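No lab work stands behind these numbers, since they all come straight from the coordinates. Just so we're clear, the structure is a prediction, and the values are computed from it rather than from any experiment. We place every Cβ from the backbone using ideal geometry, glycine too, and count neighbours over all the protein chains shown.
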Ligand SMILES: C[S@@+](CC[C@H](N)C(=O)[O-])C[C@H]1O[C@@H](n2cnc3c(N)ncnc32)[C@H](O)[C@@H]1O
């Protein structure tokens, strides 16, 4: 599969091993630990974190457009699969997951595919299941980039209306480094 080399660079840069704090927070809302999914799994830090949980998930699926970034340590009682696919091409199972994590991946889905993937995620969650991730807002420096999707607060409200909102935090700041990238995004944790 032809993948953008920027993702390999990104994965090497983020190979620090720390799980995303929003995923850690989302776990406190997860009641059943049957199956979990890590969408756009990147350097696999979150995937390894989920695999390492004590009394954790029985099944974990990680999906990314790139080949698996590193070998993972998989406990014998966990069924793990890595799927190298675009989310746009992935056949999401129905009513299967207790947790779906989409950390910094959904804004990188082209606009034409976004709503379909959002509906597929909803359908793949069990009732009571938890969905967490980010959407980028219109003040983000990358707003308007080709093949990315951005949302206003209003659009975010409409998208999430079928869920029970557990956390929805709007973040806006400028990086304090040479790049000075301006970030505008919504962190969310939702329950089906
Ligand atoms: C910004 S990174 C986030 C990685 C990781 N979730 C994290 O929080 O660090 C986005 C990841 O999504 C993957 N990706 C980008 N577009 C994708 C697509 N259409 N389908 C599946 N994965 C994609 C990239 O290879 C990359 O690993």
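Here segment 96-110 is the region considered, the condition is being in a strand (DSSP E or B) and over 8 Å from the mean Cα position of the chain (by Cα), and the residue that is nearest to residue 41 (Cα to Cα) is 99. When residue 74 is tested against (1) part of a loop (DSSP other than H, G, I, E, B); (2) more than 16 Å from the ligand (Cβ to nearest atom); (3) within 14 Å of the chain's Cα centre (by Cα), only condition (3) is not met. Any idea which residue in segment 77-91 is nearest to the chain's Cα centre (by Cα), counting only those that are more than 12 Å from the ligand (Cβ to nearest atom) and more than 17 Å from residue 46 (Cβ to Cβ)? Among residues in segment 77-91 that are more than 12 Å from the ligand (Cβ to nearest atom) and more than 17 Å from residue 46 (Cβ to Cβ), the one nearest to the chain's Cα centre (by Cα) is 91.
Scanning segment 44-54 for residues that are in a loop (DSSP other than H, G, I, E, B) and either surrounded by 19 or more Cβ atoms within 10 Å (Cβ to Cβ) or in contact (Cβ under 8 Å) with a residue 24 or more places away in the chain (or both) yields 44, 53. Whenever a residue of segment 14-43 is under 18 Å from residue 80 (Cβ atoms), its partners that are assigned to a helix (DSSP H, G or I) and more than 10 Å from the ligand (Cβ to nearest atom), lying with C-beta atoms within less than 7 angstrom and at least six residues away or across chains, give the pairs 19/49; 36/50; 38/50. Select from segment 3-25 the residues that are within 10 Å of the ligand (Cβ to nearest atom), farther than 17 Å from residue 70 by Cα and surrounded by 13 or more Cβ atoms within 10 Å (Cβ to Cβ) and list them in ascending order. Matches in segment 3-25: 20, 22, 23.
Residue-wise test of (1) loosely packed, with under 13 Cβ neighbours inside 10 Å; (2) away from the ligand (no atom under 16 Å from the Cβ); (3) in contact (Cβ under 8 Å) with a residue 60 or more places away in the chain; (4) over 23 Å from residue 57 (Cβ atoms).
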residue	(1), (2), (3), (4)
124	no, no, yes, no
142	no, no, no, yes
173	yes, yes, no, yes
190	no, yes, yes, no
